């Protein structure tokens with residue numbers, strides 16, 4: 001999914017901005033629901049929490065897209081020079 005979003009042109013900064021916007025939207029929906037909702041403050045709290053739960057997901061997607069941007073796959077055009085770098089060197093750690 002992250003690779004598909006990257007190919008669609010969505011950048012990590014877009015997701016970070018969306019995460020920050022969702023925090024603001026969470027506060028705004030809580031205030032609006034608190035002032036306009038006739039069913040009580042519990043429902044207003046639920047709206048704020050529901051929208052507020054989007055932020056961590058959007059931030060995580062931003063991190064995944066940042067990794068996709070900075071670590072391209074070797075099969076992408078122009079990445080021939082990195083072929084063969086996927087092999088891990090053997091280490092003597094713990095010996």
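Here are the numbers for the structure shown:
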| item | result |
| --- | --- |
| Filter result for residue 47 (at pLDDT 80 or above, surrounded by 13 or more Cβ atoms within 10 Å (Cβ to Cβ) and at negative phi) | no |
| Failed item, numbered, when residue 9 is tested on (1) modelled with pLDDT under 85; (2) part of a loop (DSSP other than H, G, I, E, B) | (1) |
| Set 55, 64, 32: member being at pLDDT below 85 and either within 26 Å of the chain's Cα centre (by Cα) or exposed (fewer than 15 other Cβ atoms within 10 Å of the Cβ) (or both) | 32 |
| Count - residues of the range 3-22 that are surrounded by 15 or more Cβ atoms within 10 Å (Cβ to Cβ) and in contact with a helix residue (DSSP H, G or I) (Cβ under 7 Å, 6 or more places away or on another chain) | 10 |
| Checklist (1) within 28 Å of residue 9 (Cα to Cα); (2) surrounded by fewer than 12 Cβ atoms within 10 Å (Cβ to Cβ); (3) touching a helix residue (DSSP H, G or I) at 6+ places or on another chain (Cβ under 7 Å) applied to residue 41, failing item | (1) |
| Failed criterion for residue 81 (all others in (1) in a helix (DSSP H, G or I); (2) in contact with a helix residue (DSSP H, G or I) (Cβ under 6 Å, 6 or more places away or on another chain); (3) modelled with pLDDT under 75 hold) | (2) |
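The values are calculated or read from the model by the stated rules, or taken from the named source; none is laboratory data. What you see is a predicted model; the values in this text were computed from it and never measured. We place every Cβ from the backbone using ideal geometry, glycine too, and count neighbours over all the protein chains shown.
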